[in-house]
1. Does at least one position in region 25-41 carry a residue that is within 30 Å of residue 64 (Cα to Cα) and open to solvent by 80 Å² or more (accessible area, probe 1.4 Å)?
2. Enumerate the pairs (first residue in region 61-87 and more than 25 Å from residue 51 (Cβ to Cβ); second residue anywhere and among the polar types (S, T, N, Q) and open to solvent by 90 Å² or more (accessible area, probe 1.4 Å)) with beta-carbon separation below 6 Å, excluding pairs fewer than 6 apart on the same chain, so at least 6 apart or on different chains.
3. Six or more apart or on different chains, Cβ under 8 Å: which pairs go from a residue in region 18-29 that's touching a residue at least 12 places away in the same chain (Cβ under 8 Å) to one that's surrounded by 10 or more Cβ atoms within 10 Å (Cβ to Cβ) and hydroxyl-bearing (Ser, Thr, Tyr)? Could you list them?
4. Got a sec? Which of 26, 2 is at pLDDT 90 or above and among the polar types (S, T, N, Q)?
5. Taking the options 53, 37, name whichever one is out of contact with any Phe, Trp or Tyr (no Cβ under 7 Å at 6 or more places or on another chain) and not β-branched (Val, Ile, Thr).
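The values are calculated or read from the model by the stated rules, or taken from the named source; none is laboratory data. What you are looking at is a predicted structure, and each value in this text was computed from that prediction instead of being measured. Cβ sites come from the backbone with ideal geometry, for glycine too, and all protein chains shown count toward neighbours. For the accessible areas, the whole protein counts, side chains as well, though only heavy atoms, and no ligand, DNA or RNA atoms are used. Shrake-Rupley method; radii C 1.70, N 1.55, O 1.52, S 1.80 Å.
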Amino acid sequence: MSNMENLDLQLSEHERQSRVNERAVSSIKSRQRRREARGYAVMAGFLGYGEGALGEGKFGKISHAAKLFCIGFAFLVPSLLVWRVLL
């Protein structure tokens, strides 16, 4: 093998390694962007739910009624259980 052929092989191997490295880095960055985007979507959903649940619209009224039902149920069930077990 001549010195020139050896140099060509080294350059082509270096180029191949550069491409592999570039693809790996872009894959990592892409995965990181998708992960961040999912986090932003979750936070936007939570904020939208919070604003809707506290608002004056239909969803806000349904949410308020559900809260009142849960509170009433929590107060009523112990009394019913005592009546059922003791009486």
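1. Of region 25-41, the ones within 30 Å of residue 64 (Cα to Cα) are 38-41.
If we keep only those that are open to solvent by 80 Å² or more (accessible area, probe 1.4 Å) as well, we get 38, 40.
Scanning region 25-41 turns up at least one residue that is within 30 Å of residue 64 (Cα to Cα) and open to solvent by 80 Å² or more (accessible area, probe 1.4 Å).
2. Pairs that qualify, where the first residue is more than 25 Å from residue 51 (Cβ to Cβ) and the partner is among the polar types (S, T, N, Q) and open to solvent by 90 Å² or more (accessible area, probe 1.4 Å): there are none.
3. Close Cβ pairs satisfying both conditions: none exist.
4. Being at pLDDT 90 or above and among the polar types (S, T, N, Q) holds for just one of 26, 2, which is 26.
5. Criteria check complete, one pass: 37.
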